[in-house]
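First up is the structure itself, then whatever we jot down about it.
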Amino acid sequence: MKNILIFLVTVLLIGCETNSDLSINYLEKTIENSLPNSFEYELILLPEKSVVWEDSVFSISQVINGSTGGRITMEKYYVSNLGDSIIIEADLRIPPGAFSGTETISMVVDNQYAAIHFYPEMIFEDTLKLIQKFAGLQLDNYNTGTLDFVFIDDDGTVELIKKNGVQINVSQGSVKVQNAKLTHFSRFGWIRKFNSPILIDTDQ
């Protein structure tokens with residue numbers, strides 16, 4: 001009976017690994033700097049908006065008391081110029097004591113890339129957690145194992161961040177990060193890493 005069980009588990013694992021359309025990658029102990037802080041990558045584009053939606057800005061703001069913390073959620077969508085629905089979801093959880101005083105926290109979706117800007121720029125005393133999803137992206141030409149959710153600096157460099165894991169579904173064009181650990185506010189979003197990370201000279 002034990003041998004049969006081992007065989008069934010092995011078959012199931014092999015079946016999951018050969019499904020190129022769906023990649024679920026839970027990384028319970030992701031190391032923040034498992035790759036160089038600067039490496040070769042490209043930002044994932046958002047599909048262009050249809051004429052009706054082209055002036056739309058997707059954002060949400062909420063007043064948060066740092067001593068008590070809080071939660072901010074966003075559920076938005078728009079229609080692309082190809083007629084597809086692009087879904088944007090975010091769930092930001094702020095623990096008590098993350099910062100002092102009261103702040104108006106804002107999440108603003110990037111106009112061009114699958115990324116979100118967080119305001120105001122600040123560093124936290126405790127880690128915030130973010131669940132974030134885009135659906136309806138054009139991912140047909142992407143290897144799911146190269147997609148990742150990262151911090152994107154204004155100078156174009158990116159840094160890996162700790163997270164519980166990512167979920168990628170090519171057929172639905174969806175990318176989702178589970179509990180990304182945010183220690184500061186800036187821009188965070190999705191990239192495609194090239195197979196061999198290469199250090200980039202950011203002074204050029």
Can you tell me how many residues within the range 45-67 are touching a strand residue (DSSP E or B) at 6+ places or on another chain (Cβ under 8 Å), at pLDDT 95 or above and part of a loop (DSSP other than H, G, I, E, B)? 6
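Please verify whether the range 82-96 includes one or more residues that are hydrophobic (A, V, I, L, M, F, W, C), in contact with a His (Cβ under 6 Å, 6 or more places away or on another chain) and in a strand (DSSP E or B).
The answer is no, given that none of the residues of the range 82-96 is hydrophobic (A, V, I, L, M, F, W, C), in contact with a His (Cβ under 6 Å, 6 or more places away or on another chain) and in a strand (DSSP E or B).
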Please find, within the range 70-96, the residue that is surrounded by the most Cβ atoms within 10 Å (Cβ to Cβ) out of those that are farther than 16 Å from G173 by Cβ and in contact with a Gly (Cβ under 7 Å, 6 or more places away or on another chain). I94
Pick from the range 29-44 the residues that are of a type in the set (A, V, I, L, M) and surrounded by 15 or more Cβ atoms within 10 Å (Cβ to Cβ): which of them is modelled with the lowest pLDDT? L35
Can you name the number of the only condition in (1) in contact with an Asp or Glu (Cβ under 7 Å, 6 or more places away or on another chain); (2) at pLDDT 95 or above that R192 fails? (2)
Hey, K133 touching a strand residue (DSSP E or B) at 6+ places or on another chain (Cβ under 7 Å) and farther than 21 Å from L43 by Cβ or not: no
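Would you confirm whether or not the range 140-160 contains a residue that is touching a Gly at 6+ places or on another chain (Cβ under 6 Å) and in a strand (DSSP E or B)?
Yes.
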Residues (surrounded by fewer than 19 Cβ atoms within 10 Å (Cβ to Cβ) and assigned to a strand (DSSP E or B)) located in the range 164-177: G165, Q167, N169, S174, K176
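The values are calculated or read from the model by the stated rules, or taken from the named source; none is laboratory data. Note that the coordinates shown come from a computational prediction; the quantities given were computed from them, not determined experimentally. Methodologically, a virtual Cβ is constructed for each residue, glycine included, from the backbone with ideal geometry; neighbour enumeration extends over all protein chains shown.
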